[in-house]
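Input: a single structure, listed below in structure tokens.
Just so it is clear, none of the values below were taken in a lab; they were calculated from the coordinates. Keep in mind it's a predicted model, so treat the numbers as computed, not measured. A quick note on method: Cβ atoms are made from the backbone with ideal geometry, for glycine too, and the neighbour counts reach across all protein chains shown.
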């Protein structure tokens with residue numbers, strides 16, 4: 001029995017020795033401290049698991065004159081959500097197709113198959129992907145290859161002669177633009 | 001004096017005792033075989049990776065803005081920086097390759113069976129962690145391949161139901177591939193995974209000590225749970241030798257050769273990349289993964305698209321699950337590969353499958369050649385003696401980028417069939433239909449070609465056949481005389 005252990009002479013009626021109590025107290029104290037430590041660590045590491053919805057915003061792509069009618073041009077913008085050490089990685093390209101007048105289609109650069117950068121071919125009016133051979137028609141619809149859908153398309157608006165798109169995140173199948 | 005100091009230290013640290021019980025542990029004499037050298041070879045590579053990786057970290061800047069410049073600095077300015085980068089790159093190639101051979105050997109020798117289940121499981125986790133190092137290491141070489149490789153990773157994760165977008169956001173450390181993405185992959189590559197690797201290697205080696213190294217299997221002498229421990233003990237008594245110095249000789253020779261090979265490869269081939277600045281607006285790029293992941297790259301191009309999401313989400317779980325469950329699915333019985341034909345066949349199939357996919361991945365026949373239409377020559381024999389209309393058609397073929405997917409005389413893309421003898425396979429009507437409507441993985445060109453362009457193109461295509469093979473003809477129409 002605990003009472004016979006050296007150094008523990010006093011026992012409570014319930015049979016808890018002083019050493020046993022201290023041990024339990026020590027364990028409990030460490031559990032509490034470890035939990036308190038784990039909360040900020042997990043919160044820190046997984047903070048980006050929660051998405052910042054505000055990262056989507058309107059971005060100016062430039063004046064309408066930059067985009068001739070019936071043509072598809074590459075435009076680039078600085079992602080609205082940046083960090084100071086992003087460097088060039090926050091410069092995002094996209095394809096702007098001016099159908100006619102104020103009718104546009106703005107496509108994300110990323111192939112819908114696995115995200116590689118699609119290239120526009122003016123002559124055959126096709127977007128081709130260099131990775132796994134996906135191809136899209138000029139309106140962004142799927143033409144051939146493994147992509148499961150047409151190109152991701154930005155929402156756009158025209159204000160004071162400027163073309164704006166709504167973006168800020170890497171488009172994926174489960175969360176297109 | 002030296003001896004005295006050594007004894008003084010040993011008396012306190014008990015190193016010699018530790019050494020005798022670890023490096024000097026008893027192994028069956030049969031384990032001193034050339035087949036048993038791959039584990040220590042892998043470990044050597046890992047140690048080499050730690051050393052060279054630490055050296056690289058002296059200079060490398062894990063910042064999306066600066067990483068590329070620091071790699072260039074390592075290549076061209078830092079004394080011997082190029083060589084350290086090359087050693088680290090070639091060390092990783094050797095580590096993955098030798099580890100794969102080690103795994104195949106362990107499997108073929110039945111070493112995963114009772115009582116070494118945990119050794120196998122820890123080995124499988126080590127394999128996954130090593131592949132994790134290979135992937136994150138490729139990201140450290142922060143160039144265009146790394147950038148778009150991250151994009152591919154994100155696209156795969158984005159297919160996860162429900163939490164897909166959150167996973168992508170978490171792994172990228174934000175809504176796009178940018179500063180925080182590289183920082184966190186650096187943390188994984190330099191702290192998290194190496195830490196786990198060291199822990200798992202310790203466990204793996206501990207298990208080698210507690211459960212012993214697998215004896216060289218003898219056909220017919222299967223594992224029986226009831227007697228295995230006794231038999232193994234008896235074997236050690238009968239013909240056991242201390243690993244050091246009696247059974248380590250071949251390991252030493254192999255390790256030395258591996259190290260020399262890495263040194264030579266690094267000196268001869270040099271470091272890999274960085275290739276192209278990680279600037280997403282430079283879109284004229286053809287991203288491809290490193291050697292270890294070429295087979296996945298190939299599989300993702302060749303799988304039927306409707307199976308893709310399903311397989312991407314389930315195949316890794318099932319595959320890893322099977323690997324981990326293997327020692328329990330086949331816990332006892334025959335160990336020798338001579339009496340396990342299905343196991344041998346399995347290894348051959350996996351090896352053939354992986355190497356075929358890897359080989360395909362090296363030249364990616366499914367990818368259009370983006371510059372073929374403007375850069376590849378039209379061989380003379382395909383234009384010689386052609387009518388003006390047919391020559392016009394040859395121009396259409398060139399200008400409409402048909403060559404990006406179709407080759408002529410061996411030049412051009414491999415995505416679609418070569419056109420050298422297309423006229424022997426398709427009639428005029430079929431050619432027109434194929435061009436206008438597409439199909440069978442070919443886009444429809446109906447909207448992008450004027451009728452006269454289609455006529456010219458088809459007229460040219462009809463000339464594409466060897467003189468000794470007749471042109472395809474419609475069986476409903478009587479063949480033209482002399483056809």
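Sort A:158, A:92 by Cβ crowding within 10 Å, fewest neighbours at the top. It would help to have the intermediate numbers written out before the result.
Working: A:158 13, A:92 24.
With the sparsest Cβ surroundings first, the list reads A:158, A:92.
For chain A, calculate the relative contact order in percent as a whole number, restricting contacts to Cα pairs under 8 Å that are 6 or more residues apart. All intermediate terms of the calculation are to be shown ahead of the outcome.
Values: 273 pairs, mean separation 31.5, N = 177.
Value for chain A: 18 percent.
Using the beta-carbon distance between residue B:429 and residue B:22 and R0 = 60 Å, what value does 1/(1 + (r/R0)^6) give for FRET efficiency, to the nearest 0.05?
Details: r = 78 Å, r/R0 = 1.30.
Once rounded, the FRET efficiency stands at 0.15.
Please compute the Kirkwood hydrodynamic radius over region B:9-147, one decimal place, Å, based on all pairs of different Cα atoms. Could the numbers behind the result be given before it?
Numbers: mean 1/r = 0.0564 Å⁻¹.
Over region B:9-147, the inverse of the mean reciprocal pair distance is 17.7 Å.
Hey, fewest Cβ within 10 Å first, where do B:284, B:10, B:376 land in order? Don't jump to the answer; show the numbers that get you there.
Working: B:284 11, B:10 14, B:376 19.
Placing the least packed residue first, the sequence is B:284, B:10, B:376.
Please compute the Kirkwood hydrodynamic radius of the protein assembly as shown from all pairs of different C-alpha atoms, in Å with one decimal.
29.6 Å
Give the Rg (one decimal place) followed by the Dmax (whole number) of region B:118-161, computed from C-alpha coordinates and expressed in Å.
Answer for region B:118-161, Rg first and Dmax second: 13.4, 40 Å.
For chain A, modelled as a GNM with alpha-carbon contacts under 10 angstrom, which of A:62, A:87, A:20 fluctuates the most?
Judging by the Gaussian network model, the answer is A:20.
Per residue and in Å³, how big is the convex hull formed by the alpha-carbon atoms of region B:212-347? Provide the component values of the computation, followed by the final result.
Details: hull volume 28.5 nm³, N = 136.
About 209 Å³ per residue, rounded to a whole number.
Measure out, as a whole number of angstrom, how far apart the alpha-carbon centroids of region A:40-116 and region B:222-293 sit.
Cα centres, region A:40-116 to region B:222-293: 43 Å.
Using a Debye calculation, one point per C-alpha and no hydration shell, please list log10 I(q)/I(0) for chain B at q = 0.07 Å⁻¹ in order.
Rounded to two decimals, the profile gives -0.55.
Taking region A:48-177 on its own, what percent of its Cα-Cα pair distances exceed 23 Å?
Numbers: 2687 of 8385 pairs.
Of the Cα pairs, 32 percent sit more than 23 Å apart.
What ranking do B:272, B:250, B:335, B:447 get, fewest neighbouring Cβ atoms within 10 angstrom at the top? Kindly include the intermediate steps, with their values, before the conclusion.
Values: B:272 19, B:250 15, B:335 26, B:447 11.
Ranking B:272, B:250, B:335, B:447 by Cβ neighbours within 10 Å, fewest first, gives B:447, B:250, B:272, B:335.
Quick one: compute the contact order of chain B, relative version, from alpha carbon pairs under 8 angstrom and 6+ residues apart, as a percent. Don't skip to the end; give the middle numbers.
On the way: 567 pairs, mean separation 92.1, N = 483.
Relative contact order comes out at 19 percent.
Expressed as cubic angstrom per residue, what is the convex hull volume of the alpha carbon set of region A:19-67? Don't skip to the end; give the middle numbers.
Working: hull volume 3.5 nm³, N = 49.
Dividing the Cα hull volume of region A:19-67 by its residue count gives 71 Å³.
Can you give the alpha-carbon Rg of region B:402-483 over 2.2 N^0.38 Å, where N counts its residues?
Values: Rg = 13.0 Å, N = 82, 2.2 N^0.38 = 11.7 Å.
Cα-based Rg divided by the globular estimate yields 1.11.
Using only helices, what value at 222 nm comes out for chain B when you add -39,500 (n - 2.57) per DSSP H run of length 4 or more and divide by the total residues, to the nearest 500 deg cm²/dmol?
Working: 19 runs with 283 residues, N = 483.
Computed mean residue ellipticity for chain B: -19000 deg cm²/dmol.
Would you work out the Kirkwood radius for region B:157-250? I mean one over the mean of 1/r across all pairs of different Cα atoms, in Å. Spell out each step's value before the answer.
On the way: mean 1/r = 0.0550 Å⁻¹.
Result for region B:157-250 stands at 18.2 Å.
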